[in-house]
Each structure stands twice: as C-alpha cells, then as structure tokens.
Amino acid sequence: MAKGKSIFVCQNCGAVTRRWQGKCESCGEWNTIVEEAEPSGIGAAAMRRLDKRRAFALEGLAGAPAEEARIVTGLHELDRVAGGGLVPGSVTLIGGEPGIGKSTLLIQACAALARRNGRVVYISGEESTTQVRLRAGRLGLAEAKVELAAETGVEDIIATLGLGEPPSLVIIDSIQTMWSHTVESTPGTVTQVRASAQSLIHFAKKSGAAVILVGHVTKDGQIAGPRVVEHMVDAVMSFEGEGSHAFRILRATKNRFGPTDEIGVFEMTGGGLSEVANPSALFLAGRDASSPGAAVFAGIEGARPVLVEFQALVAPTTLGTPRRAVVGWDASRLAMILAVLEAHGGLKLGQYDVYLNVAGGLKIVEPAADLAAAAALVSSLVGASLPAHAVYFGEIGLSGAVRPVPHAGLRLKEAAKLGFKRAVTPPPPKERDETVKIARAEISSVASLVAEIAASGVQPAKAARG
Ligand code: TYD
Ligand code: MG
C-alpha cells in the first residue's frame with residue numbers, strides 16, 4: 001500500500017490486527033487476513049465535525065403507519081419470503097454460491113416488477129450490459145423496462161439513481177464488486193464491502209427504494225466478506241440448491257419485516273427459474289413406490305410442508321467393517337437410528353452395508369425424519385416394500401420410543417392433499433385434528449415399527465430378525 005500505515009483485516013469476521021497472521025485469533029479461520037490501508041484522517045475530520053454538532057428532535061412510539069405498503073414484485077415466491085413483498089427503503093442481502101442462479105432470479109424479479117410499472121434499476125458489477133441483455137433475451141424478458149448499467153463505483157451509482165423519479169427497486173449484483181472512494185482498500189475486502197453497503201443502505205433509507213444486494217458465499221456457506229454486512233441490512237436471504245438438481249430454495253435467515261421461516265421454491269429450467277407452487281410433487285416425481293427401502297417423509301421446510309422420499313439399501317457386506325453412507329441426511333443421526341434398531345428393534349445389522357439417500361437432492365435436518373429413515377431401513381432389510389400410499393414422521397429416542405414432533409397437522413394435511421391415505425406417526429400429545437382425511441397408524445416404539453413392516457410381507461430368505 002502506497003501511503004500511510006497498513007492494517008490487517010480478517011475477511012471473515014472483520015477483526016483488525018497490526019501484523020499479518022495465518023490464522024485469525026478472533027474467529028479461528030485460516031488465511032482470511034488481508035492487508036488494507038489504514039483509514040486516514042478520520043480523527044481530524046471527526047474533530048472538525050464536532051464544531052458543527054446540532055440537536056435533533058426526539059419522537060414517540062405512537063402513530064405508526066397501519067401497515068407498510070409493500071413493493072410486490074410479482075415473483076410470488078420471492079414476495080412470500082420477503083413477508084408479502086419488499087418494504088420500501090429496505091435493504092436485502094441475497095447470498096448464494098456462484099452459479100446457483102442469483103442473477104437469474106433477480107433479473108426475473110426486475111422484469112416482473114417493471115411489468116407492474118415500477119421503476120427498476122439493475123446494476124451489474126460482474127457482467128457487461130451485453131451479457132445481462134443476452135440472459136434477459138434467453139429468458140424472454142428483453143421487452144421489460146429494466147434500466148441497466150455495468151458499474152462498480154458506489155458514489156457514481158448513487159448519483160445516477162438520484163436523477164429522475166426514485167426507483168422502486170435497485171439490484172446491486174454483487175456487493176463484492178462494489179467500491180467506494182471514501183476508503184482505500186481494494187474491492188471485495190471487508191472494509192470496501194462495508195463502506196459500499198453503508199452508502200447503499202443510506203441511499204435506500206433516504207430515497208425509499210428497496211435495494212437488493214447480491215453476496216457470494218464461500219464453500220462453507222458463509223457470505224464471504226459481506227458477513228460483516230449481515231447485521232447492517234434489514235433482511236438476509238440465502239439461495240440454495242444442489243448444482244446437479246433443478247430445484248432451488250430461497251430462505252430468509254433474517255427479516256426485520258416478516259417471518260424467517262418462509263421458503264420459496266423454484267425450479268431451474270432452460271427458460272430460467274420457474275416458481276414451484278407444490279414442492280412435494282416436484283420431490284416425489286418419478287417415484288417407484290413398489291421397491292423395498294423407500295419411505296415417504298412428511299417434513300417441514302421453513303413453515304412449509306414438503307414430502308420427500310427416503311431411500312435405503314441394506315445389503316450383506318463383503319468388507320470387514322460394513323459401510324455406512326448417507327446423502328442428504330446426517331451421518332451421525334443414521335448411526336444412532338441403526339444402533340436403536342439393533343438395541344430395541346431386534347435387528348442384526350453388523351453384517352450389512354447401509355446406504356441412505358434423500359431423493360431429489362434436498363438436505364433434511366429435522367429429527368422428525370427418524371421414523372421415515374427407520375422405516376426405509378427396515379423395509380430394505382426385510383425385503384418388504386412399504387405401502388405406496390403411506391407417509392412417515394416422528395422422532396426416535398435412544399430408548400426406542402417414537403416421540404411427537406411439531407406441526408403434525410400441517411404434515412398430515414399436505415399428505416392428504418397429495419393423495420396419501422395413511423400416516424405412520426407418533427401418538428399425538430394432546431389435541432388431534434380430526435378434519436384431515438387421512439388414516440393414522442400410531443406407533444410408539446421402533447419394536448412395533450419393525451413388527452408391522454416384517455408382518456406386511458416377509459421374505460424369510462433375507463429377513464434377519466434376531
Ligand atoms: P446465474 O444467475 O448466473 O448464477 P449466479 O448469479 O448465482 O452466479 O445462473 C447461472 C446458472 O444458471 C448457469 O449455470 C446456467 C443456469 N441457467 C439455466 O439453467 N437456465 C437459464 O435460463 C439461465 C438464465 C441460467
Ligand atoms: Mg451472477
């Protein structure tokens with residue numbers, strides 16, 4: 001760095017040190033410390049500003065506007081996650097891995113809002129306007145009245161946005177490419193990202209425009225650099241998905257103006273992202289219910305019920321130590337279920353390889369999936385397929401007891417809606433919803449689960465009950 005002293009800033013947590021270090025002592029991350037120029041003159045300028053201090057009027061809490069008018073983009077899944085549309089003057093950070101579809105999502109949101117006669121501006125710091133236009137053309141959005149620029153200077157951007165009628169929506173793609181000349185660091189560093197975000201937030205509050213910042217996330221899921229921005233913005237959303245699968249999930253992780261348990265589901269198609277009103281149908285598409293080892297789990301993602309298929313394969317091992325492999329679920333959770341099935345279900349699994357897969361590429365974290373996983377495992381082991389029209393949910397404890405889980409009513413309703421006739425569930429704690437047209441088989445222990453599946457179609461050659 002040319003003039004003045006350097007400081008060293010951790011790009012993960014924003015901690016400042018005087019020397020370069022391999023490991024940040026504040027957050028423990030390796031290789032995140034970058035040299036930046038020390039902010040100069042702040043002390044002197046601040047002293048000068050002290051002379052210009054002025055008093056301001058304080059206000060009371062009463063007299064809030066009934067409900068903030070929202071900017072409804074017309075992209076329903078996005079509006080839903082935002083809590084019913086974007087709030088004027090709010091700043092939203094959308095994080096996601098490179099290539100997941102953030103730019104596609106936002107150009108579609110811009111076009112949808114432009115169609116509803118909002119003024120929308122899309123600032124791309126990564127792609128040229130030609131590239132953005134090409135994508136819009138491919139998505140069939142070339143006619144949309146979206147104002148476009150490829151710029152990275154925050155002061156210039158804010159000056160441009162200040163001309164004419166204030167925009168309803170401004171997209172900044174991405175915050176890592178922006179730079180403000182009020183600080184000396186290079187674009188993408190914590191100091192730059194923070195300064196740029198600060199200016200854009202100030203612009204949003206002053207003009208009433210909703211601003212969406214795009215942030216790239218690193219492999220381990222952190223919004224790189226912009227993690228320091230998370231607490232400055234009004235809402236943080238993450239755009240997730242498996243590269244090899246078509247579905248994408250938009251999830252709010254922070255929202256000052258709405259719930260954080262809503263999700264939006266999209267499918268990446270040749271013609272861009274299409275909204276998925278019924279995610280369960282997407283995840284269950286192409287299911288072969290007749291083969292053993294498949295159980296449908298009635299899960300909850302955010303506040304939405306989602307049905308997914310758990311697939312298990314239990315096969316005799318040829319190795320000294322049998323293999324346990326799991327995709328889309330927690331490996332230690334699988335180990336626990338296997339141990340409980342052995343201890344309380346009377347199964348002998350020591351001589352079997354066990355594979356478990358959540359179909360469709362979804363990652364399930366709910367303990368409520370225990371029962372579905374156990375049912376799939378037992379079904380594969382005994383070679384008996386489960387009833388095609390049954391769903392499963394319930395948490396399994398180390399004692400072998402099947403325990404109640406939240407949102408049973410929502411799960412049952414979704415299963416009934418998709419034509420499932422029977423739900424295998426824990427005994428309900430208190431109240432039960434009799435309006436849902438689905439038969440409930442209440443199971444209180446893994447022993448009765450094993451007994452029921454084994455009784456439904458035993459093939460003695462493979463059955464290995466002890
Ligand atoms: P993009 O929006 O550029 O991702 P990000 O901004 O998050 O980096 O999306 C890139 C991917 O999306 C690319 O791999 C191709 C895919 N894609 C489609 O499958 N269909 C489409 O219509 C578009 C525009 C992109
Ligand atoms: Mg992009």
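The values are calculated or read from the model by the stated rules, or taken from the named source; none is laboratory data. Since this is a predicted model, take the numbers as computed values, not measurements. FYI the Cβ positions are ideal-geometry reconstructions off the backbone, even for glycines, and counts take in every protein chain you see. For the accessible areas, the whole protein counts, side chains as well, though only heavy atoms, and no ligand, DNA or RNA atoms are used. Shrake-Rupley method; radii C 1.70, N 1.55, O 1.52, S 1.80 Å.
Taking only region 19-65 into account, find how many residues are outside any strand (DSSP E or B) and modelled with pLDDT of 80 or more.
Selection size over region 19-65: 21.
How many residues are closer than 18 Å to HIS216 by Cβ and either within 13 Å of ligand 2 (Cβ to nearest atom) or without any contact (Cβ under 8 Å) to a residue 12 or more places away in the chain (or both) if we restrict to region 84-121?
Number satisfying all stated conditions: 14.
Just one of the numbered conditions (1) away from ligand 2 (no atom under 12 Å from the Cβ); (2) at pLDDT 95 or above is not true of SER124; which one?
The one condition SER124 does not meet is (1).
ALA441 versus (1) part of a strand (DSSP E or B); (2) of a type outside the set (D, E, K, R); (3) modelled with pLDDT of 95 or more: which is the lone unmet condition?
Exception for ALA441: condition (3).
Which one of these is modelled with pLDDT of 90 or more, open to solvent by less than 60 Å² (accessible area, probe 1.4 Å), in contact with a Lys or Arg (Cβ under 6 Å, 6 or more places away or on another chain) and not hydroxyl-bearing (Ser, Thr, Tyr): ALA298, ALA252?
Every option except ALA298 fails the conditions.
Condition (residue is in a loop (DSSP other than H, G, I, E, B), open to solvent by 50 Å² or more (accessible area, probe 1.4 Å) and not hydrophobic (A, V, I, L, M, F, W, C)) applied to region 359-374: is it met by at least one residue?
Scanning region 359-374 turns up at least one residue that is in a loop (DSSP other than H, G, I, E, B), open to solvent by 50 Å² or more (accessible area, probe 1.4 Å) and not hydrophobic (A, V, I, L, M, F, W, C).
Please state which one of GLU151, GLU127, GLU147 is out of contact with any strand residue (DSSP E or B) (no Cβ under 6 Å at 6 or more places or on another chain) and either more than 25 Å from VAL265 (Cα to Cα) or of a type in the set (A, V, I, L, M, F, W, C) (or both).
Step by step, each of GLU151, GLU127, GLU147 is checked, and only GLU127 is out of contact with any strand residue (DSSP E or B) (no Cβ under 6 Å at 6 or more places or on another chain) and either more than 25 Å from VAL265 (Cα to Cα) or of a type in the set (A, V, I, L, M, F, W, C) (or both).
How many residues, within region 377-426, are in a loop (DSSP other than H, G, I, E, B) and either open to solvent by less than 30 Å² (accessible area, probe 1.4 Å) or among the aromatic types (Phe, Trp, Tyr) (or both)?
Going residue by residue through region 377-426, those that are in a loop (DSSP other than H, G, I, E, B) are 383-389, 393-394, 397-400, 404-407, 418-421, 426.
Then drop every residue that is not either open to solvent by less than 30 Å² (accessible area, probe 1.4 Å) or among the aromatic types (Phe, Trp, Tyr) (or both), which leaves 383-384, 386, 393-394, 397, 400, 405, 420, 426.
Residues flagged as in a loop (DSSP other than H, G, I, E, B) and either open to solvent by less than 30 Å² (accessible area, probe 1.4 Å) or among the aromatic types (Phe, Trp, Tyr) (or both) within region 377-426 amount to 10.
What pairs can you find where one residue is in region 124-137 and without any contact (Cβ under 8 Å) to a residue 24 or more places away in the chain, the other is open to solvent by 40 Å² or more (accessible area, probe 1.4 Å) and more than 12 Å from ligand 1 (Cβ to nearest atom), and their Cβ atoms are less than 9 Å apart, with a gap of 6+ or different chains?
Within 9 Å, the pairs are SER128/ALA150; THR129/LEU148; THR129/ALA150; THR130/ALA150; GLN131/ALA150; ARG133/ALA142; ARG133/LEU148.
Which one of SER290, SER238 is closer than 22 Å to ALA390 by Cα and either in contact with a strand residue (DSSP E or B) (Cβ under 8 Å, 6 or more places away or on another chain) or away from ligand 1 (no atom under 16 Å from the Cβ) (or both)? Walk me through how you get there before you give the answer.
Values: SER238 fails: closer than 22 Å to ALA390 by Cα.
The unique qualifying residue is SER290.
Quick one: count up the residues across region 154-163 that are surrounded by fewer than 23 Cβ atoms within 10 Å (Cβ to Cβ) and touching a residue at least 40 places away in the same chain (Cβ under 8 Å).
The initial filter retains those residues of region 154-163 that are surrounded by fewer than 23 Cβ atoms within 10 Å (Cβ to Cβ), namely 155-156, 158-163.
Cutting the leftovers down to touching a residue at least 40 places away in the same chain (Cβ under 8 Å) gives us 155, 158, 161-162.
Here the count works out to 4.
Filtering region 341-352 down to residues that are out of contact with any strand residue (DSSP E or B) (no Cβ under 6 Å at 6 or more places or on another chain) and assigned to a helix (DSSP H, G or I), which residue is surrounded by the most Cβ atoms within 10 Å (Cβ to Cβ)?
The qualifying residue surrounded by the most Cβ atoms within 10 Å (Cβ to Cβ) is GLY345.
Quick one: would you say ILE157 is within 16 Å of ligand 2 (Cβ to nearest atom) and among the aliphatic types (A, V, I, L, M)? Spell out how you get there, then give the answer.
On the way: within 16 Å of ligand 2 (Cβ to nearest atom): no; among the aliphatic types (A, V, I, L, M): yes.
No.
Output the residues belonging to region 192-221 that are modelled with pLDDT under 85 and either part of a helix (DSSP H, G or I) or farther than 26 Å from THR73 by Cα (or both).
Passing the criteria: THR218, LYS219, ASP220, GLY221.
Among what's in region 331-348 and is in contact (Cβ under 8 Å) with a residue 24 or more places away in the chain and in contact with a Lys or Arg (Cβ under 9 Å, 6 or more places away or on another chain), pick the residue that is nearest to LEU412 (Cα to Cα).
LEU334
How many residues are more than 10 Å from ligand 1 (Cβ to nearest atom), surrounded by fewer than 18 Cβ atoms within 10 Å (Cβ to Cβ) and assigned to a loop (DSSP other than H, G, I, E, B) if we restrict to region 100-143?
The number of residues fulfilling the criteria is 5.
Looking only at residues in region 266-286 that are closer than 27 Å to ARG70 by Cα and away from ligand 1 (no atom under 16 Å from the Cβ), which one is surrounded by the most Cβ atoms within 10 Å (Cβ to Cβ)?
Here the residue is PRO279.
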